[in-house]
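Colleague: Let me begin by handing over the structure; questions about it come next.
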Amino acid sequence: MSNDPLPSQIDVRKLTVKGAEISSNFSPAVMPRLTSLLANDEGLVTAELQFYIDEGRKRRIDGKINAHVNVVCQRCLDAVAIDVVSEFNLAIVWTDDQAKQLPKTLDPLIVGEELTDLAEIVEEELILSLPIVSYHELDSCKQVTRSFGEAEAAPVKEEPKDNPFKVLEQLRSDK
Ligand SMILES: [Zn+2]
């Protein structure tokens, strides 16, 4: 596994012919669109990409990404470390029409004459895989400890719990 950033200008079609494999460890700091959604740019992203031509003669890129990053806890607004795992299966196509003909299991990567930025593909996948909201575990979240302390100081009356049997009774009487 290399520690170099993913190639940003590469001919992915050539890579599929060669059956190339690229795997790399890098800092989230190299992905500004991703880090704009994170609490900071610390952590590590591991990406493994496989390029090949499948039995249906489709040019494919299969990817696995594992990212250890810090996002903002939506309860205490402090950084919380999370692991994001993403797998994707791309088929290289030339036109929108070709993209529409792909089976549902494959996502299109429309490639024209220009070279492809692999880091951008991985960044995009990571952004899509980020959880919408993240929280610390209950015992390590500042907000929970704080409100727990307040609750102790001023005890809150316990809400009466719904009796599950009541619901059953109602169901029975409806018959
Ligand atoms: Zn928290």
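Since every read-out is calculated from the coordinates, none of them should be taken as a lab result. Just so it is clear, the model here is predicted, and its values are computed rather than measured. Methodologically, a virtual Cβ is constructed for each residue, glycine included, from the backbone with ideal geometry; neighbour enumeration extends over all protein chains shown.
Colleague: Look at residue 8 and say whether it is closer than 20 Å to residue 123 by Cα and without any contact (Cβ under 8 Å) to a residue 40 or more places away in the chain. Show your work before the answer.
Modeller: Values: closer than 20 Å to residue 123 by Cα: yes; without any contact (Cβ under 8 Å) to a residue 40 or more places away in the chain: no.
Against the criterion (closer than 20 Å to residue 123 by Cα and without any contact (Cβ under 8 Å) to a residue 40 or more places away in the chain), residue 8 does not qualify.
Colleague: Select from region 49-73 the residues that are touching a residue at least 40 places away in the same chain (Cβ under 8 Å) and either loosely packed, with under 15 Cβ neighbours inside 10 Å or assigned to a strand (DSSP E or B) (or both) and list them in ascending order. Before the answer, list the steps.
Modeller: Let us first name the residues in region 49-73 that are touching a residue at least 40 places away in the same chain (Cβ under 8 Å), namely 49, 58-61, 63, 65, 67, 69, 71-73.
Result: 49, 59, 60, 61, 63, 65, 67, 69, 71, 72, 73.
Colleague: Quick one: in region 74-112, which of the residues that are of a type in the set (D, E, K, R) and within 16 Å of the ligand (Cβ to nearest atom) is surrounded by the most Cβ atoms within 10 Å (Cβ to Cβ)?
Modeller: Restricting attention to region 74-112, the residues satisfying the condition of being of a type in the set (D, E, K, R) are 75, 78, 83, 87, 96-97, 100, 104, 107.
Okay, now just the ones that are also within 16 Å of the ligand (Cβ to nearest atom), so 75, 78.
Working: 75: 18, 78: 14.
That would be 75.
Colleague: Oh, and also: Taking only pairs six or more apart or across chains, which ones have beta-carbon atoms under 6 Å, a first residue in region 15-40 that is closer than 20 Å to residue 92 by Cβ, and a second residue that is among the basic types (Lys, Arg) and surrounded by 19 or more Cβ atoms within 10 Å (Cβ to Cβ)?
Modeller: Going by the 6 Å Cβ cut-off, the qualifying pairs are 16/59.
Colleague: Then there's this: Considering each of 25, 40, 66 in turn, give the residue that is within 16 Å of the ligand (Cβ to nearest atom), among the polar types (S, T, N, Q) and in contact with a strand residue (DSSP E or B) (Cβ under 6 Å, 6 or more places away or on another chain). Outline the logic, then answer.
Modeller: Details: 25 fails: within 16 Å of the ligand (Cβ to nearest atom); 66 fails: within 16 Å of the ligand (Cβ to nearest atom).
Result: 40 is the single residue among 25, 40, 66 that is within 16 Å of the ligand (Cβ to nearest atom), among the polar types (S, T, N, Q) and in contact with a strand residue (DSSP E or B) (Cβ under 6 Å, 6 or more places away or on another chain).
Colleague: With the requirement that a residue be of a type in the set (A, V, I, L, M) and part of a loop (DSSP other than H, G, I, E, B), what does region 1-48 give you? Give the derivation first.
Modeller: Quick first cut of region 1-48, residues of a type in the set (A, V, I, L, M) only: 1, 6, 10, 12, 15, 17, 20, 22, 29-31, 34, 37-39, 44-45, 47.
Scanning region 1-48 gives 1, 6, 20, 31, 37, 38, 39.
Colleague: I'd like the residue in region 113-124 that is aliphatic (A, V, I, L, M) and outside any loop (DSSP other than H, G, I, E, B) and, out of all such residues, is nearest to residue 11 (Cα to Cα).
Modeller: Here is the first cut: in region 113-124, the residues aliphatic (A, V, I, L, M) are 115, 118-119, 121-122.
If we keep only those that are outside any loop (DSSP other than H, G, I, E, B) too, we end up with 118-119, 121-122.
Numbers: 118: 10, 119: 13, 121: 14, 122: 16 Å.
This residue is 118.
Colleague: Hey, can you tell me all the residues within region 125-142 that are in contact (Cβ under 8 Å) with a residue 12 or more places away in the chain and in a helix (DSSP H, G or I)?
Modeller: 125, 126, 127, 128, 129, 142
Colleague: Residues of region 78-112 being closer than 21 Å to residue 126 by Cα, in a loop (DSSP other than H, G, I, E, B) and free of Cβ contacts under 8 Å to residues at least 24 places away in the same chain, which ones?
Modeller: Passing the criteria: 104, 105.
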